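One structure is given here, and the rest of the page talks about it.
The values are calculated or read from the model by the stated rules, or taken from the named source; none is laboratory data. Note that the structure is predicted; figures quoted are calculated from it, not measured. Cβ: placed from backbone, ideal geometry, glycine included. Neighbour counts: every protein chain shown. Areas reflect the complete protein model, heavy atoms only, side chains present, ligands, DNA and RNA absent. Shrake-Rupley method; radii C 1.70, N 1.55, O 1.52, S 1.80 Å.
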Number of protein chains: 2
Amino acid sequence: MDYYYEHLLGTFVFDNKFKLVNKGKKKKDSQPIPQKKISLILENFHDKKYFPEFYQKNIELTKKAIKTAVSEDQLIIQAIANTTELDRVINILVKRLREWYSLHDPELDQKISSHEQYVESILSKQKKEKVSMGADLDQLHLAEINRLAKEIKALFNLRKEHELYLEKLMSGYCPNILELAGVTTGARLIELAKSLKRLALLPSSTVQLLGAEKALFRHIKTGSRSPKYGVIFSHQLIQKTKREFRGKAARMLADKLSLCARLDFFKGEFKAKAYKKELEEKLK
Amino acid sequence: MDYYYEHLLGTFVFDNKFKLVNKGKKKKDSQPIPQKKISLILENFHDKKYFPEFYQKNIELTKKAIKTAVSEDQLIIQAIANTTELDRVINILVKRLREWYSLHDPELDQKISSHEQYVESILSKQKKEKVSMGADLDQLHLAEINRLAKEIKALFNLRKEHELYLEKLMSGYCPNILELAGVTTGARLIELAKSLKRLALLPSSTVQLLGAEKALFRHIKTGSRSPKYGVIFSHQLIQKTKREFRGKAARMLADKLSLCARLDFFKGEFKAKAYKKELEEKLK
């Protein structure tokens, strides 16, 4: 009986002409099963004694389907989502670190605006400036602050690690996107589109606005100005361009990104470098 | 001149009877300066040539005042605030970890509800169960997830470290509060009151509701039920008590906590153990 179940549940699909076609991996792959045999099989499904077995088989096949459904898309999405999460977390903790350490050395907070450098400088130099308003804290207290700084540094490192990982993953899965959009922007586009497949199927005007949904719907609802770019705003090609031409640059970049997504999804050639050069020349 | 500035700016205060009294640490401490001498000093302040010097001195004294204003209160407040921050951060990251690792082993997420144990089990056992719906991920991907798990574990450790530090700090600064309220609740009470001094001056009914401000103002505004406890709710004496007696228990605990704060602030004796026993017997 096993054979029938598997076929009926897992590997039969209706083809375009609504004819039952056998898609299993066993012999006579593309041969349609004769109608008579099918009705014979189907009759068995009325037999109650097969119901528990039928149920078991169904679950097994579903589990198998779930197992094989995990793709690079999901791994990329989780990794880039965690990068965003890490940014948030680092921000929360650095704010606290700045407040805490300012009891000891309030001048440093003003002097260094970069979070990463601030953490670095707490960890490297242990002496504060002599003419400081800060209290002279005991080693007991400073050690506690240092522990926090160390932890934050580790989080910064994890974030960098994630970027390397994403680069490795994407260089195999979507080399064109990786080349043209860069690691973070590329991964974020896939995250927003939910998968590379969907990204490839989106019109380039949608790609241009991915990540600007809030502004877009505000535009539709209240008639405010329409957004010109979503996450691709942070792309260096747009950052370099003068303000008045940024909308145009975003449109051109989105065009090429859309092409890249299609090349990657349908396993086409590697054209991103040429696209990049083209854009750079046009936007000069 | 220096002497006059210092006295006039830093160490003169009006006493209750609005008489100028010298509070400096030099000799003749409690002797009031004769009125005549004071008017002589004050005349110098009209002289413009002293203005820059005067300004400098003012800043110096202010800096000194700021420097000495850092007390145990602020260190406790920063440490307990960071503990809260860490809870938030760990929560954010564990949620992501659960989603990410579930691609590989979705069954584990359901099986272990404690965040800390979940992280532990990812780090310790490397093999998932055989009959799993999860995808078989390469070591490349699993290593990345493991890195995140390691980081979260370090954050858990930092949180524990903070508690030890707080315990050390509070055992010297407010032993009574520490004994009766415990580390976290005690530190949170000081955080909410802003300082041990203010906590000592608050009526015990306010101590009872510290941390329940939102519910209290909703009660005042809309007439909803008044809150019965604030942060002291997590205290084991209240947790152990039956629901209908919890309000009463909270009132009794707040009474004793208020006494403890006063004992600690005015450097009184150590009575918290006796109070604890008394409460435990009454609430049995």
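Below, the figures for the structure above:
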| quantity | calculated |
| --- | --- |
| Options A:Ser114, A:Ser121: the member that is more than 7 Å from chain B (Cβ to nearest Cβ), closer than 30 Å to A:Leu178 by Cβ and out of contact with any strand residue (DSSP E or B) (no Cβ under 8 Å at 6 or more places or on another chain) | A:Ser114 |
| Tally, over the range A:76-118, of residues that are closer than 27 Å to A:Glu167 by Cα and among the charged types (D, E, K, R) | 4 |
| Among (1) surrounded by fewer than 21 Cβ atoms within 10 Å (Cβ to Cβ); (2) within 14 Å of chain A (Cβ to nearest Cβ); (3) modelled with pLDDT under 95 - the single one B:Glu144 does not satisfy | (1) |
| Test: residue in the range A:32-50 that is within 14 Å of chain B (Cβ to nearest Cβ), open to solvent by 50 Å² or more (accessible area, probe 1.4 Å) and part of a helix (DSSP H, G or I) | no |
| Answer residue from the range A:124-134, given it is open to solvent by 70 Å² or more (accessible area, probe 1.4 Å) and of a type outside the set (Lys, Arg) and is farthest from the other protein chains (Cβ to nearest Cβ) among those | A:Ser124 |
| Residue that is modelled with the lowest pLDDT [pool: residues in the range A:69-109 that are more than 7 Å from chain B (Cβ to nearest Cβ) and surrounded by fewer than 16 Cβ atoms within 10 Å (Cβ to Cβ)] | A:Ala69 |
| Selection from the range B:260-279 of residues that are of a type in the set (Asp, Glu) and surrounded by 12 or more Cβ atoms within 10 Å (Cβ to Cβ) | B:Asp264, B:Glu278 |
| Helices (runs of 4 or more DSSP H) (entirely within the range A:105-195) containing at least 1 residues that are of a type in the set (Ser, Thr, Tyr) | A:115-124, A:139-173, A:183-193 |
| Tabulated pairs, the range B:263-277, first over 13 Å from B:Leu253 (Cα atoms), second of a type in the set (Phe, Trp, Tyr) and surrounded by fewer than 13 Cβ atoms within 10 Å (Cβ to Cβ), C-beta under 8 angstrom, 6+ apart or interchain | B:Leu263/B:Phe270 |
| Any hit, the range B:54-75, residues being more than 21 Å from A:Met133 (Cβ to Cβ), touching a residue at least 40 places away in the same chain (Cβ under 8 Å) and of a type in the set (Asp, Glu) | no |
| Tally, over the range A:204-237, of residues that are over 22 Å from A:Lys282 (Cα atoms) and open to solvent by 70 Å² or more (accessible area, probe 1.4 Å) | 8 |
| Within the range A:168-203, considering residues that are under 12 Å from the mean Cα position of the chain (by Cα) and more than 14 Å from A:Asp264 (Cα to Cα), the one least open to solvent (accessible area, probe 1.4 Å) | A:Ala193 |
| Residue count, the range B:51-68 (criterion: facing chain A (nearest Cβ under 7 Å) and of a type outside the set (Val, Ile, Thr)) | 2 |
| Pairs where the first residue, in the range A:205-219, is over 13 Å from A:Ala250 (Cβ atoms) and among the charged types (D, E, K, R) and the second is exposed (fewer than 15 other Cβ atoms within 10 Å of the Cβ) and at pLDDT below 95, C-beta under 7 Å, 6+ apart | A:Arg218/A:Ser224 |
| Count of the range A:201-242 residues which are under 19 Å from A:Leu166 (Cα atoms) and in contact with a Lys or Arg (Cβ under 8 Å, 6 or more places away or on another chain) | 1 |
| Failed item, numbered, when B:Leu137 is tested on (1) at pLDDT below 95; (2) out of contact with any His (no Cβ under 8 Å at 6 or more places or on another chain); (3) within 11 Å of chain A (Cβ to nearest Cβ) | (2) |
